[in-house]
Amino acid sequence: ELEPIKEELIRLGVGIQIEEGQINDSLYRQSEFDAAFVADVRKAKRFVSIFSAFITTRRVGIYADLFRSKIAEGVQIRCVTRPPSQNGPDYMQRDGKEALELLQAIGCVVDIRSNIHEKVIVIDDKIIWFGSLNPLSFTERTDEIMMRLEGEATALEVERFLSIERIRDAESARGV
């Protein structure tokens, strides 16, 4: 219901709480992404898989308490990213190493992949976020968009594409 005035409220610095039922399959600007993503993570029951080509301690810190509480509830959080040596210039490599250590200390599963460039999130085999925003490193210096889709068939197909093993049928990708 807030869509007609949402941008104006954000520009004026008014916080917008996103309630269940307000989130639909659609595109999100970077300014809208965090609130909608956090709402999805809060509802997660089984797992959250985050594919982020780069990682920073600042972005991990934003989600640290939320991740910690979801892990305490039994939700597995997997973060897939590059090794620190491929996380950008020297200063980003050091920060990337610290960010990975923070994720592990929180209890996240850390999955290092050299060739990753995807910016994708899968939640409970039913919600998919994908686009240009690196969820674990976004600096707010660039314009980014993310698309949110909801549907088990699409989520399983995305999981099939992202799996290390080349899974042939989407049903076998469940929870991968």
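The values are calculated or read from the model by the stated rules, or taken from the named source; none is laboratory data. Every value quoted in this text rests on a predicted model; they were computed, and no experiment measured them. Here the Cβ positions follow ideal geometry from the backbone for every residue, glycine too, while neighbour counts run over all protein chains shown. Side chains included, ligands, DNA and RNA excluded: accessible areas come from the protein's heavy atoms. Shrake-Rupley method; radii C 1.70, N 1.55, O 1.52, S 1.80 Å.
Structure notes:
- Top-ranked residue in segment 86-112 [being farther than 27 Å from E73 by Cα and either in contact with a Gly (Cβ under 9 Å, 6 or more places away or on another chain) or part of a loop (DSSP other than H, G, I, E, B) (or both); ranked as least open to solvent (accessible area, probe 1.4 Å)]: N87
- Restricting segment 35-58 to residues that are over 19 Å from E101 (Cβ atoms) and among the aromatic types (F, W, Y), the residue that is surrounded by the fewest Cβ atoms within 10 Å (Cβ to Cβ): F47
- Residue list for segment 121-143, restricted to those being open to solvent by 30 Å² or more (accessible area, probe 1.4 Å), closer than 18 Å to R29 by Cα and not small (G, A, S): F130, T139, E140, R141, T142, D143
- Considering Q17, Q93, Q86, the condition of being modelled with pLDDT under 90, under 16 Å from K119 (Cβ atoms) and out of contact with any Phe, Trp or Tyr (no Cβ under 7 Å at 6 or more places or on another chain) is satisfied by Q86 alone.
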